1. To the nearest 10 square angstrom, what accessible area does K179 show with a 1.4 Å probe?
2. If you take the Cα Rg of region 62-117 and divide it by 2.2 N^0.38 Å, with N the number of residues, what do you get?
3. Taking just the alpha carbons, could you work out the radius of gyration and Dmax for region 31-182, both in angstroms?
4. Please work out the FRET efficiency for the pair V170 and F47, using the Cβ-Cβ distance as r and a Förster radius of 30 Å; give the result to the nearest 0.05.
5. Kindly report, to the nearest 10 Å², the accessible surface of F63 as traced by a 1.4 Å probe over protein heavy atoms only.
6. Tell me, in nm to one decimal, what length is gained between W32 and V177 on full extension, where the rule is 0.36 nm per residue of separation less the Cα-Cα distance?
7. Quick one: order C100, C39 from most to least accessible surface, probe 1.4 Å.
8. Considering all projection directions equally, how large on average is the shadow of the alpha-carbon convex hull of region 113-182, in square nanometres?
Amino acid sequence: MNYRTSSPGITHTPRSLSQDMVVMGLATVRRWAPLALACLSLPVMFFSAFLVQSQEGRCGVVFCVMAVLWITEAVPLAVTALIPVFGLPLLGVLETDAVCRVYLKSTNFMFMGGLMMAVAIEHVNLHKRIALLVILKTGHSPRLLMAGFMITTTFLSMWISNTAAAAIIVPIVDAIVLKLAQ
């Protein structure tokens, strides 16, 4: 049996059933190996937290758990980042309000608000309108387009953080590149 792709002239040789099973098995191992590693190592770390008498040791256990989950990505990184909120109070290292105070700083909210603004701008296609305005005002010259990007980023960073302004500019640049490619 000969499999053809969408482009003529390119053929793929058929694989046997055992080769397909090996490929599927490797894909399954790649998917479940991080979760299995996390499931095997996390209980050992949690039980060792109760054997350690010092607060520093228990804090180290929380961060080792975070490191394992971060490296294996067994759970989403956002969930991994919130482990200290329940892990440190659970092990008696810090109070919950002391841990949450670190997460709820005004700079974090400013950054999060700027990123939400970037997503909202992309959702309503405002980035395409800004991109078209930059092209209309600057033309197709690469130097003038760069100046347009710089002015737009400067204007945006007056009200939001620089990182969020850069996050907003990326879809604008992408829209401009797509328009110029047409």
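The values are calculated or read from the model by the stated rules, or taken from the named source; none is laboratory data. None of these values were measured; they are calculated from a predicted model. Counting neighbours? That spans all protein chains shown, and the Cβs are built from the backbone with ideal geometry, glycine included. With ligands, DNA and RNA removed, areas are computed over all heavy atoms of the protein, side chains included. Shrake-Rupley method; radii C 1.70, N 1.55, O 1.52, S 1.80 Å.
1. 100
2. Details: Rg = 12.9 Å, N = 56, 2.2 N^0.38 = 10.2 Å.
This ratio for region 62-117 stands at 1.27.
3. 22.5, 68
4. 0.10
5. Probe radius 1.4 Å; accessible area of F63 about 100 Å².
6. Here the segment from W32 to V177 would lengthen by 48.3 nm.
7. Result of the area sort, largest leading: C39, C100.
8. Numbers: hull surface 16.9 nm².
Over every viewing direction, the Cα hull of region 113-182 projects on average to 4.2 nm².
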